[in-house]
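The values are calculated or read from the model by the stated rules, or taken from the named source; none is laboratory data. Just so it is clear, the model here is predicted, and its values are computed rather than measured. Please note: Cβ atoms are built from the backbone with ideal geometry, for glycine as well, and neighbour counts cover all protein chains shown. Keep in mind that these areas ignore ligands, DNA and RNA; they rest on the heavy atoms of the full protein, side chains included. Shrake-Rupley method; radii C 1.70, N 1.55, O 1.52, S 1.80 Å.
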Amino acid sequence: MKIGRRWFSTLVLACLALVTAQRPAAGQTVTGRLIGTVQDASDAAIPNAQVTITNEDTGLVMKLTTDARGNYIAPTVPLGPYKIQVETAGFRTATSAGNVVTVAQTLRVDFTMQVGTVSENIEVTAAAPLVASTTSELGQTIAQREIQTLPLNGRIFSQLVALSPGAIAMGQGDQAESSSGAGARTFITTSVNGLPWSGTTYVLDGVNNKEPQNAFINIAPPLEAIEEFKVQTNNPSAEFGAFGGAAVNLTMRSGTNQLHGSLFEFLRNNDLNARNFFAATRAPFKTNQFGGTVGGPIIKNKAFVFGDYQGLRLRNGQTFTLNVPTANMRQGIFTAAEGFGTIYDPDNGNTPFAGNRIPTNRFDRVSAQVANLWPTPNAGGSLPVANFITNVSQQQQVDQGDIKGDYVVSQKVRLFARESYNRRTYVSPPPGGIFVAAGQENADSRQHNAVIGYTHTISPSAISEFRLGFNRFNTFHFGSDFGVDENNVLGIPNGNLAAFPESSGIANFNASGIQATGSPLSTNGLRASAAYQINEALTVTKGQHALKFGLDATRLDATVTNPEANPRGQFDFDSSLTSNQGSGGASFASLLLGYPNTISRGFVNTKPDVITYVVGLYAQDDFRITNKLTLNIGLRWDYFTHPYERHDRQTNFNLSD
């Protein structure tokens, strides 16, 4: 009864701690499980046999006793290779080495004891089971050797998720808003089981590793720092919360009793690249990815540390082919040789301009300056089509690292802590000058992911796992004209407003058929989120049952300041106002006269801070009916609170009021 009261007290304390916190982790397991049966040569169970489990890398020792059916179970085993030794009176000692425990895996190691003395020893070579008879879940473990040796164009771990059955690479790649895909030349996200790629959840050492708004991966550790990861695609246990296609459960490497380290550098350049067919010269390309790892003991068999660093220096050449106004067009001359019809004067009864030329004294004051912001043609024929070709060099600098420490306080208490950090500077200059629109944007990213884990063996049949986690995504993306008040220089009233820094730059002047000016409307915005996560799991073994009870809680803070319309303003021009009932006219002529057909502008006049709480409770029973049959039973409940703005600056319609 005393042990029973301790279990109950542990669970109640966990509940009280978690009621104040946050959202369900998509998967929290950072350990595996070892189970087995000890029998004699006649297949009779051997109860009360002493089972000693030793980690061959760290010296961690766990001691168990078989039950009346000869079964043993170690429910939370840190990853790594293990030696299992079984001793019982009247039988030779049996030893099995090289049993590798992987993340979220149940490894079965059975023993058939032979009559003899305990001093005699029989060694058994570990062999991977052909059939997973202990769980009904479907998934695939990507081991350290595969992670480090399979070729990846970009060296991002999540590209390997596509190896799993039912997975197709699609969605996000290398882009300004997300630093995790830096250097990737393919998709780094995956659609699994036909569901959207955003439905795949990523977990790092049991902590959420995903940005909530666009489902970006937050931290992509160096491949050399990853122990392994498991892709769970179907029938996961109840401790894995809401996810769509798959849960990707990644575990970082830890230090061991052996000092080990590595150095690496990967170089790619444009020496063997072909020239773009339309470009005059070959676009520049050079990428250096370099770094190292180091791990080892601080105190042998007690304290360990592992750290890594990776840097990326990327120069990625891009060839652009644009439509820019010709010299004649900038002077208001519209010739048939350049593909123009008659230009009509909307201010004088829609009569044609003499010589199809707009006098310069009729130019709008702002438009006359805008006309000269485009680069001059350097290619093509007389038409204003594909008449400017240039190469630009997109630049990225990434510095990232991880530090992880493990401490064995005693045989009953283990601790670990990890901090991961990623910093990226992304510069993507537009072709032909900072005021030309080509979808280019820049970004500064600062990402964090951290965890503290505490494992307490309450009794031989009860283990508590507690975890604190933090996941921060922070990216400010901006146009190349950010900070330049060009609208004010051009003389546009209220063009750039000091109260709205995102309004700096130049408006989008869109004359159909000509490359627009200005940065993408979504630039000059902040995308940030912070997840504060607490997990508690209590594992209890009782007879044939391996029970697990847990709570997850997450507080999620999110900020997005991207406007729905361009804060710098947008002026759209077509040929209608310089045509005669649809005949003739030119959009660039309308621009020179200063007659847009639509004007728009939008601001996010606050910095929203939206908060959501999510709490999950679950219970799991892995009922081992026989050595060949296990029944997995699970129940989970998740509660999502209504999002609210911290300072009450955001409202929604409630149609029921």
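If I filter segment 106-119 down to residues being of a type outside the set (K, R) and open to solvent by less than 50 Å² (accessible area, probe 1.4 Å), which single residue comes out as farthest from the chain's Cα centre (by Cα)? Outline the logic, then answer.
First, the residues of segment 106-119 that are of a type outside the set (K, R): 106-107, 109-119.
Cutting the leftovers down to open to solvent by less than 50 Å² (accessible area, probe 1.4 Å) gives us 106-107, 109, 111, 113, 116.
Numbers: T106: 27, L107: 29, V109: 36, F111: 42, M113: 48, G116: 56 Å.
Of everything passing the filter in segment 106-119, G116 is farthest from the chain's Cα centre (by Cα).
Only one residue in A303, A279, A274, A283 is in contact (Cβ under 8 Å) with a residue 60 or more places away in the chain and more than 19 Å from S428 (Cα to Cα). Which one?
A303
Consider D406 carefully, then state whether it is assigned to a loop (DSSP other than H, G, I, E, B) and either polar (S, T, N, Q) or crowded, with 21+ Cβ neighbours inside 10 Å (or both).
no
What tally of residues in segment 611-642 results from selecting those that are within 25 Å of Q39 (Cα to Cα) and part of a strand (DSSP E or B)?
Total meeting the criteria: 10.
I need the full set of residues from segment 363-374 which are crowded, with 16+ Cβ neighbours inside 10 Å and in a helix (DSSP H, G or I), in order please.
Selection gives V366, S367, A368, V370.
Being closer than 30 Å to G295 by Cα, open to solvent by 20 Å² or more (accessible area, probe 1.4 Å) and in a loop (DSSP other than H, G, I, E, B) is the filter here; which residues of segment 37-60 pass it?
E56, D57, T58, G59 - these are the residues of segment 37-60 that are closer than 30 Å to G295 by Cα, open to solvent by 20 Å² or more (accessible area, probe 1.4 Å) and in a loop (DSSP other than H, G, I, E, B).
Somewhere in segment 19-30, is a residue at pLDDT 90 or above and open to solvent by 30 Å² or more (accessible area, probe 1.4 Å)? Give the steps one after another, and end with the answer.
Step one: of segment 19-30, the residues at pLDDT 90 or above are none.
Looking for residues that are at pLDDT 90 or above and open to solvent by 30 Å² or more (accessible area, probe 1.4 Å), one finds none in segment 19-30, hence no.
Has segment 451-465 got at least one residue that is among the polar types (S, T, N, Q), in contact (Cβ under 8 Å) with a residue 40 or more places away in the chain, over 25 Å from G405 (Cα atoms) and part of a loop (DSSP other than H, G, I, E, B)?
Yes, some residue in segment 451-465 is among the polar types (S, T, N, Q), in contact (Cβ under 8 Å) with a residue 40 or more places away in the chain, over 25 Å from G405 (Cα atoms) and part of a loop (DSSP other than H, G, I, E, B).
Determine, yes or no, whether V103 is in a loop (DSSP other than H, G, I, E, B), open to solvent by less than 10 Å² (accessible area, probe 1.4 Å), under 22 Å from Y454 (Cα atoms) and not small (G, A, S).
Values: in a loop (DSSP other than H, G, I, E, B): yes; open to solvent by less than 10 Å² (accessible area, probe 1.4 Å): yes; under 22 Å from Y454 (Cα atoms): yes; not small (G, A, S): yes.
Judged against the criteria, V103 is a match.
From the set of residues in segment 602-657 that are under 24 Å from L521 (Cβ atoms) and of a type in the set (A, V, I, L, M), which is surrounded by the most Cβ atoms within 10 Å (Cβ to Cβ)?
Across segment 602-657, the extreme among qualifying residues is V610.
Is at least one residue of segment 420-427 in contact with a Phe, Trp or Tyr (Cβ under 8 Å, 6 or more places away or on another chain) and either over 14 Å from N218 (Cα atoms) or modelled with pLDDT of 95 or more (or both)? Outline the logic, then answer.
Here is the first cut: in segment 420-427, the ones in contact with a Phe, Trp or Tyr (Cβ under 8 Å, 6 or more places away or on another chain) are none.
The answer is no; no qualifying residue exists.
Quickly run through segment 560-596 and pick out the residues that are open to solvent by 20 Å² or more (accessible area, probe 1.4 Å), touching a Ser or Thr at 6+ places or on another chain (Cβ under 6 Å) and over 22 Å from N328 (Cβ atoms).
Those that are open to solvent by 20 Å² or more (accessible area, probe 1.4 Å), touching a Ser or Thr at 6+ places or on another chain (Cβ under 6 Å) and over 22 Å from N328 (Cβ atoms): N562, A565, Q570, D572.
Restricting attention to strands (runs of 3 or more DSSP E) lying wholly within segment 175-287, give those where 2 or more residues are charged (D, E, K, R).
226-234, 260-269
Just checking, which of N356, N372, N378, N328 is at pLDDT below 95 and touching a helix residue (DSSP H, G or I) at 6+ places or on another chain (Cβ under 9 Å)?
N372
Being modelled with pLDDT under 90 and hydrophobic (A, V, I, L, M, F, W, C) is the filter; apply it to segment 428-451 and report the residue that is nearest to D205 (Cα to Cα).
In this case the residue turns out to be A438.
Can you tell me which residue in segment 436-450 is farthest from K412 (Cα to Cα), limited to those that are in a strand (DSSP E or B) and open to solvent by less than 30 Å² (accessible area, probe 1.4 Å)?
In this case the residue turns out to be V436.
Could you please find all residues in segment 76-97 being out of contact with any Asp or Glu (no Cβ under 7 Å at 6 or more places or on another chain), open to solvent by 20 Å² or more (accessible area, probe 1.4 Å) and within 29 Å of R467 (Cα to Cα)?
Selection gives P78 alone.
Matching residues to (1) surrounded by fewer than 23 Cβ atoms within 10 Å (Cβ to Cβ); (2) of a type outside the set (V, I, T); (3) farther than 25 Å from S576 by Cα:
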residue: G505; (1), (2), (3): no, yes, yes
residue: N508; (1), (2), (3): yes, yes, no
residue: N524; (1), (2), (3): no, yes, yes
residue: L538; (1), (2), (3): yes, yes, yes
residue: G550; (1), (2), (3): no, yes, yes
residue: A558; (1), (2), (3): yes, yes, yes
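So which residues in segment 419-435 are assigned to a loop (DSSP other than H, G, I, E, B) and in contact with an Asp or Glu (Cβ under 8 Å, 6 or more places away or on another chain)?
If the condition is that a residue be assigned to a loop (DSSP other than H, G, I, E, B) and in contact with an Asp or Glu (Cβ under 8 Å, 6 or more places away or on another chain), then S428, I434, F435 are the ones that fit.
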